[in-house]
Amino acid sequence: MVVIRVYEVVFSRKAVKFIESIDKGYRKKIKGILGTMMENPFGYPYKKIKGETNIYRVRTGKYRILFEVNKSNKFIVILKIDKRGRVYNR
C-alpha cells in the first residue's frame with residue numbers, strides 16, 4: 001500500500017513541549033492521528049471551534065489537538081495539544 005502525504009504538519013512550540021512531556025502510548029496515538037491528517041486533514045473525526053474561522057479540534061482520549069488548516073499552502077498547523085480542561089485557554 002502506498003501512502004501519499006499531501007499536507008505538511010507544522011507544530012507550535014507549545015505543542016512540541018507538550019508532546020515531549022506525555023507518555024509513550026499517547027505520543028504513538030497522536031502520531032497515528034497526524035499521519036491520517038497528512039493525507040486528509042479532515043479524514044479523522046474533528047469539530048470546528050465555535051467563534052473561530054479556521055480552527056478545529058481532534059479528540060484523542062483525555063487530550064485535544066487544536067489545529068488550523070492552510071489549504072492553499074497545504075499546511076496543517078498544530079496550535080496546541082493539552083487536556084480537555086486546559087486546551088481552549090490560550
Give the long-range amide H neighbours of Thr60: residues separated by 5 or more places, or on another chain, with amide H under 5 Å away, using H modelled in the peptide plane at 1.01 Å from N. Ile65
Derived scalar couplings ³J(HN,Hα) [the range 43-51; Karplus, 6.51 cos²θ - 1.76 cosθ + 1.60; whole Hz; x for Gly, Pro]: x, 10, x, 9, 9, 7, 7, 4, x
Between Glu68, Glu20, Glu52, where does the largest GNM mean-square fluctuation fall for the chain, given springs only between Cα atoms within less than 10 Å? Glu52
I'd like the FRET efficiency for Thr53 and Asp23, computed as 1/(1 + (r/R0)^6) with the beta carbon distance as r and R0 of 30 Å, rounded to 0.05. 0.35
Which residues' amide hydrogens lie under 5 Å from the amide hydrogen of Ile55, considering only partners 5 or more residues apart or on another chain, with H built in the peptide plane? Ile49
Ordered by residue, what ³J(HN,Hα) values in Hz, to whole numbers, does the range 71-78 give under the Karplus form 6.51 cos²θ - 1.76 cosθ + 1.60, where θ = phi - 60° and Gly and Pro are x? 5, 5, 9, 6, 10, 10, 9, 7
In terms of the ratio Rg/(2.2 N^0.38 Å) built on C-alpha atoms, what value belongs to the chain? 1.03
Quick one: Karplus J couplings for the range 15-32, per residue in order, coefficients 6.51, -1.76, 1.60, θ = phi - 60°, nearest Hz, x for Gly and Pro? 5, 5, 4, 5, 4, 5, 8, 8, 6, 4, x, 5, 4, 5, 5, 5, 4, x
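A short reminder: the numbers here are calculations on the coordinates, not readings from a lab. In this text, all values refer to a predicted model and were calculated from it rather than measured experimentally. No Cβ is skipped: glycine too gets one built from the backbone with ideal geometry, and neighbour counts run over all protein chains shown.
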